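Structure record follows, encoded as structure tokens.
Every number in this text was worked out from the coordinates using simple rules, so none of it is lab data. Small disclaimer: the values here were computed from a predicted structure and weren't measured. Note that each Cβ is placed from the backbone with ideal geometry, even for glycine, and that neighbours are counted across all protein chains shown.
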Amino acid sequence: MAGIYVHVPFCTQRCVYCDFYFTTTQHNYGVFSRALEAEIESYGNEFGDKEPIDTLYFGGGTPSLLPLDDLARIISAVNDHFDLSAVQEVTLEMNPEEAKPAYLRGLKDLGITRLSLGVQSFFDEDLRFMNRVHDAAQAEAAVEAVGSVFDSFTVDLIFGLPDQPFEYWGANLEKAIRLGAPHFSTYSLTVEEKTPLAKQVLRGLVEPATDDTMRDRFLFTMEYLTERGYDHYEVCSFAKADERSIHNQNYWRHRNYLGFGPSAHSFWKTTRSKAHRWSNVSNLKRYNGLLQQRALPLEEREQLTPTALSDEFIYLALRSMTEGLDLDRLEADYGVDMLTEKRSELAELEQNGLLTLRNNRILLTREGAVVADAVALELVG
Ligand code: SF4
């Protein structure tokens with residue numbers, strides 16, 4: 001089974017922290033949809049009969065800006081060129097201002113099964129700081145509207161905004177629970193290079209929250225949500241029973257996926273030791289133009305070395321808080337005997353309370369989840 005990701009690169013305005021590829025000026029949905037259809041057809045010819053597709057994910061950007069007709073064409077192109085007979089989940093990322101009843105019903109009719117709602121905060125001052133389009137009232141109304149049409153959805157929230165009072169974060173979680181959120185994706189505000197936020201920090205206009213504040217917020221989140229019945233199944237993800245994201249779990253399990261659309265990434269493993277990763281151009285005009293000429297919109301393509309492949313598996317698997325890193329699979333599929341090769345690192349990380357070893361699996365503790373990338377860094381290479 002493999003997954004498909006479709007990157008929809010349109011946004012209404014730029015959120016202050018965002019470093020994804022998107023455009024706020026070229027909103028020619030028809031041209032983009034046709035280019036996407038051509039790309040899907042090309043890859044369908046090469047991969048369509050290799051593995052059935054179990055998850056389809058529309059990310060961005062803001063996929064909920066796409067008219068239903070365009071989404072229908074894209075889904076139908078995927079259906080024409082890939083085997084969707086075993087599909088389990090079709091997710092679409094949505095911003096609260098797009099959560100209108102008719103659009104939501106239209107999405108459901110198209111076969112979308114799960115929404116990812118970019119709420120980020122229920123406080124107007126937070127939303128203004130982040131330069132989100134929606135306000136607090138729209139955020140609340142959107143969760144209600146989505147919940148009235150979809151059983152399955154996630155609410156995205158960001159913690160660690162500069163000067164955000166601690167009570168705001170607790171209130172954000174509480175409100176989403178009260179509104180019936182079956183799943184949370186919680187992210188710390190990260191200052192990414194070349195974003196408006198990075199410029200504000202450089203000019204001294206904004207002081208990012210300290211590492212200690214981030215740690216406190218994250219530990220609070222884990223405790224708060226698990227006490228209220230949400231399963232902490234991935235570093236940033238919490239779900240009620242049967243509400244885990246299948247698409248994202250497939251990334252952490254190192255399954256194959258194809259990415260379509262500008263800036264999308266793909267990963268395809270053909271044998272135990274042979275895998276390729278490639279990415280598309282991060283430019284909508286070039287993307288459309290190349291596909292109009294029947295050329296693939298490739299930016300980069302590389303064959304992963306065995307070490308790069310096993311390192312990637314270690315990074316991804318450690319993100320799963322319930323499955324963790326399966327040491328038997330690491331040895332069988334990637335040829336790495338971690339218990340021997342990283343004996344002293346493992347002992348030190350365990351002693352520092354960052355991981356545990358159970359049933360031949362390495363699992364991050366809550367303190368380990370706070371510094372997940374740093375833990376992984378100790379164990380790769
Ligand atoms: S809506 Fe999403 S993709 Fe668009 S700028 Fe904001 S965070 Fe980035």
Exercise. Could you give every pair whose Cβ atoms fall below 8 Å, whose first residue belongs to region 124-143 and is free of Cβ contacts under 8 Å to residues at least 12 places away in the same chain, and whose second residue is in a helix (DSSP H, G or I) and within 13 Å of the ligand (Cβ to nearest atom), counting only separations of at least 6 or pairs across chains?
Worked result: Asp135/Leu127
Exercise. Any residue at all in region 31-44 that is within 16 Å of the ligand (Cβ to nearest atom) and under 30 Å from Glu193 (Cβ atoms)?
Worked result: yes
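Report whether or not Gly59 is buried (at least 18 other Cβ atoms within 10 Å of the Cβ), within 16 Å of the ligand (Cβ to nearest atom) and either part of a strand (DSSP E or B) or of a type in the set (Phe, Trp, Tyr) (or both).
Spelling it out, Gly59 is indeed buried (at least 18 other Cβ atoms within 10 Å of the Cβ), within 16 Å of the ligand (Cβ to nearest atom) and either part of a strand (DSSP E or B) or of a type in the set (Phe, Trp, Tyr) (or both).
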Problem set entry | Close pairs (7 angstrom Cβ cut-off, 6 or more residues apart or separate chains): within 13 Å of Pro162 (Cβ to Cβ) in region 190-206, part of a helix (DSSP H, G or I) and not hydroxyl-bearing (Ser, Thr, Tyr) anywhere | Val191/Leu197; Val191/Ala198; Val191/Val201; Val206/Leu197; Val206/Gln200
Problem set entry | Hits in region 130-166 - residues which are of a type in the set (S, T, N, Q), within 24 Å of Lys108 (Cα to Cα) and touching a helix residue (DSSP H, G or I) at 6+ places or on another chain (Cβ under 9 Å) | Gln138, Ser148
For this session: Go through region 163-186 residue by residue and tally those that are outside any helix (DSSP H, G or I) and either among the hydrophobic types (A, V, I, L, M, F, W, C) or buried (at least 16 other Cβ atoms within 10 Å of the Cβ) (or both).
Result: 8
Problem set entry | Verdict on Ile74 being assigned to a loop (DSSP other than H, G, I, E, B), surrounded by 16 or more Cβ atoms within 10 Å (Cβ to Cβ) and either in contact with a Ser or Thr (Cβ under 9 Å, 6 or more places away or on another chain) or on the phi > 0 side of the Ramachandran plot (or both) | no
For this session: Show the residue pairs that are 6+ apart or on different chains and have beta-carbon atoms under 8 Å apart, the first residue being within region 362-381 and without any contact (Cβ under 8 Å) to a residue 60 or more places away in the chain, the second being of a type in the set (Phe, Trp, Tyr).
Result: Asp373/Tyr315
For this session: Residues being free of Cβ contacts under 8 Å to residues at least 24 places away in the same chain and surrounded by 17 or more Cβ atoms within 10 Å (Cβ to Cβ): count how many of those fall in region 332-354.
Result: 1
Seminar exercise, completed: Screening Asp54, Asp19 for residues that are within 16 Å of the ligand (Cβ to nearest atom), among the charged types (D, E, K, R) and under 23 Å from the mean Cα position of the chain (by Cα) leaves only Asp19
Exercise. Is at least one residue of region 82-95 in contact (Cβ under 8 Å) with a residue 24 or more places away in the chain and part of a helix (DSSP H, G or I)?
Worked result: no
